[in-house]
Amino acid sequence: MQSAGAELGVTYICGDCGAENTLKPREAIQCRECSYRILYKKRTKRIVQFEAR
């Protein structure tokens with residue numbers, strides 16, 4: 001069973017032009033607007049909490 005995020009793709013933000021790109025697994029890591037190859041993963045809206053010791 002695969003997670004739902006793998007089927008829909010993950011949203012990345014271009015480091016050059018700031019465009020949002022949704023990439024699926026095995027897809028080239030490249031901006032669709034300007035062909036820049038540095039993309040940053042968009043922060044999740046889900047609450048992430050860690051337990052510190």
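Here, each number is a calculation from the coordinates, and none is a lab measurement. Quantities reported herein were computed from a predicted structural model and do not represent experimental measurements. So basically every Cβ, Gly included, is an ideal-geometry build from the backbone, and we count neighbours across all protein chains shown.
For the peptides 43-52, 16-25, the ranking by mean Cβ contacts within 10 Å, running from highest to lowest, is 16-25, 43-52. Relative to the Cα centre, the charge distribution of the chain, modelled as +1 at Lys and Arg Cβ and -1 at Asp and Glu Cβ, gives a dipole magnitude of about 180 debye. Comparing the chain with the 2.2 N^0.38 Å rule of thumb, its C-alpha radius of gyration ratio is 1.37 (two decimals).
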